[in-house]
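The values are calculated or read from the model by the stated rules, or taken from the named source; none is laboratory data. Source: prediction; values computed, not measured. Using ideal geometry, Cβ is built from the backbone for each residue, glycine included, and neighbour counts are taken over all protein chains shown. The protein model used for the area step is the full one, side chains on, heavy atoms only, and it has no ligands, DNA or RNA in it. Shrake-Rupley method; radii C 1.70, N 1.55, O 1.52, S 1.80 Å.
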Amino acid sequence: MPENSMRHRQTVMRACDRILSGVRPATMRERLTDLSAGADLDELPDFYGDGPVTVLEQRVANLLGTEAAVWFPTGTMAQQVALRYGATESDAVALHPLGHQLVHERDAYASLTGLRAVTSTTAPRNPTAADLAELDERVGTVVFELPLRDAGFTLPTWDELTEACEEAVNIGARVHFDGARIWESTPYLGRSLVEIAEQADSVYVSFYKTLGGISGAALAGTADLARYARAWRHRHGGNIFQQWPAVLTALAGLDRELPRIPDYVRHARVVADALTALPGVRVQPEPPHTHQFRLFIPYPARVLNAAVSELAAKESIWFCGVGQDTPVPDVAMTEMTIAAAALEWTAADVIDAGERLLRSCRLLHRP
């Protein structure tokens, strides 16, 4: 099996005693045990979207302060429906070239929904009010990804976000938040989930990317949007008979992980500051906007990945995920996720392990 395959990394990571980036992978038995311990399994399951599904939908609507929320089996499906809803006046949607719809959804918005993408900005950030004012054609929806993952998990300031949302309204467009990671955006923006969601006409949230659920998403907004979303969810094949395992893990994530996210974000800044003390190492953004950020190491990806595996095998330490080569020769990039396991790491711990990782990189990089 290739050393950097997902399955191999999960196996190696599970065997480590200390984890700096990411969450220890759980087995199916562990997930089932967790479900049985944290939920009332004597209740009846959902049938085509009732029962625990409605409980989760109402919980999300309350958290975001929206009239309603609709469960979806995937975020890709939820986003397609949100963009279709905004296509009444125009089949164009303002998307960022680094946005999830263009990078990670295989152009579903165009192939399945028939929409056209208009570039909101090419800068490595969400669009500003000035960017939207310069659009030369009408768009039905402007999408903001909070945070913009492929720009380094970056967020606008609160003023930048509110001004851009106001300008979207001025040009006659709806505002949609790709909020897969909106849960961890509140500390940097300095506002509550309700205040953030108030700026948008629709908000998509994920239950597995930060909250640790098995899968699933929700689309939140008005009651009219919810009715539309349920109809189109059915047409997309998303009205599944029973989904209670994923729903229960989503509810557990809201109970357990959501309150801890501010601690993760604060500690990410401690970790990032320690990492930049290492020679040739950089982080982006500096300081991090959320509990995730990009780490740049001055070695090729194959060397970084081999050094990470070596540190895991010899010292039972999982330092970071798989590295990717960048356009800069001999510089690799990896994404860091600071979660519960990383809270025990002090800045000194990070520097100490980082120095050993770099020492291994130097040895592995010798001709």
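Name every residue in region 232-243 that is open to solvent by less than 40 Å² (accessible area, probe 1.4 Å) and assigned to a helix (DSSP H, G or I), in order of residue number. The answer is 233, and nothing else.
Within region 212-231, which residues are assigned to a helix (DSSP H, G or I) and open to solvent by 20 Å² or more (accessible area, probe 1.4 Å)?
At the first step, the residues of region 212-231 found to be assigned to a helix (DSSP H, G or I) are 223-231.
Across region 212-231, the qualifying residues are 223, 224, 227, 228, 230, 231.
In region 117-132, which residues are farther than 17 Å from residue 176 by Cα and outside any loop (DSSP other than H, G, I, E, B)? 130, the sole residue that qualifies. Every condition in (1) in contact (Cβ under 8 Å) with a residue 60 or more places away in the chain; (2) touching a helix residue (DSSP H, G or I) at 6+ places or on another chain (Cβ under 7 Å) is met by residue 86 except one, and the failing one is (2).
Residue-wise test of (1) within 29 Å of residue 347 (Cα to Cα); (2) of a type in the set (A, V, I, L, M); (3) modelled with pLDDT under 95.
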residue	(1), (2), (3)
247	no, yes, no
257	yes, no, no
266	yes, no, no
272	yes, yes, no
277	yes, yes, no
280	yes, no, no
293	yes, no, no
302	yes, no, no
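All but one of (1) of a type in the set (Ser, Thr, Tyr); (2) surrounded by 14 or more Cβ atoms within 10 Å (Cβ to Cβ); (3) assigned to a helix (DSSP H, G or I) hold for residue 66, so report the exception by its number. For residue 66, the exception is condition (3). Would you be able to tell me the number of residues in region 101-112 that are in a loop (DSSP other than H, G, I, E, B) and crowded, with 19+ Cβ neighbours inside 10 Å? Here the count works out to 1.
For region 138-211, which helices (runs of 4 or more DSSP H) that fit wholly inside it have 1 or more residues that are open to solvent by less than 50 Å² (accessible area, probe 1.4 Å) and closer than 29 Å to residue 243 by Cβ? Step through it out loud before you land on a result.
Details: elements: 158-170, 186-189, 193-197.
In region 138-211, 186-189, 193-197 are the helices (runs of 4 or more DSSP H) which contain 1 or more residues that are open to solvent by less than 50 Å² (accessible area, probe 1.4 Å) and closer than 29 Å to residue 243 by Cβ.
Considering only region 108-159, state which residues are aromatic (Phe, Trp, Tyr) and touching a residue at least 60 places away in the same chain (Cβ under 8 Å).
153
Looking only at residues in region 227-237 that are over 23 Å from the mean Cα position of the chain (by Cα) and small (Gly, Ala, Ser), the one that is nearest to residue 73 (Cα to Cα) is 237. Would you call residue 31 modelled with pLDDT under 95 and more than 17 Å from residue 230 (Cβ to Cβ)? So residue 31 fits the description; yes.
Go through region 117-137 and report how many residues are open to solvent by 20 Å² or more (accessible area, probe 1.4 Å), in contact with a helix residue (DSSP H, G or I) (Cβ under 7 Å, 6 or more places away or on another chain) and not β-branched (Val, Ile, Thr).
Looking only at region 117-137, we keep the residues that are open to solvent by 20 Å² or more (accessible area, probe 1.4 Å), and these are 117, 119, 122-125, 128-131, 133-137.
Keeping just the survivors that are in contact with a helix residue (DSSP H, G or I) (Cβ under 7 Å, 6 or more places away or on another chain) gives 117, 124-125, 128-129, 133.
Okay, now just the ones that are also not β-branched (Val, Ile, Thr), so 117, 124-125, 129, 133.
Counting residues in region 117-137 that are open to solvent by 20 Å² or more (accessible area, probe 1.4 Å), in contact with a helix residue (DSSP H, G or I) (Cβ under 7 Å, 6 or more places away or on another chain) and not β-branched (Val, Ile, Thr) gives 5.
Within region 3-23, residues that are within 24 Å of residue 293 (Cβ to Cβ) and touching a residue at least 12 places away in the same chain (Cβ under 8 Å) have Cβ atoms under 8 Å from residues that are in a helix (DSSP H, G or I) and of a type in the set (Val, Ile, Thr) in these pairs: 20/271; 20/350, counting only partners at least 6 apart in sequence or on another chain.
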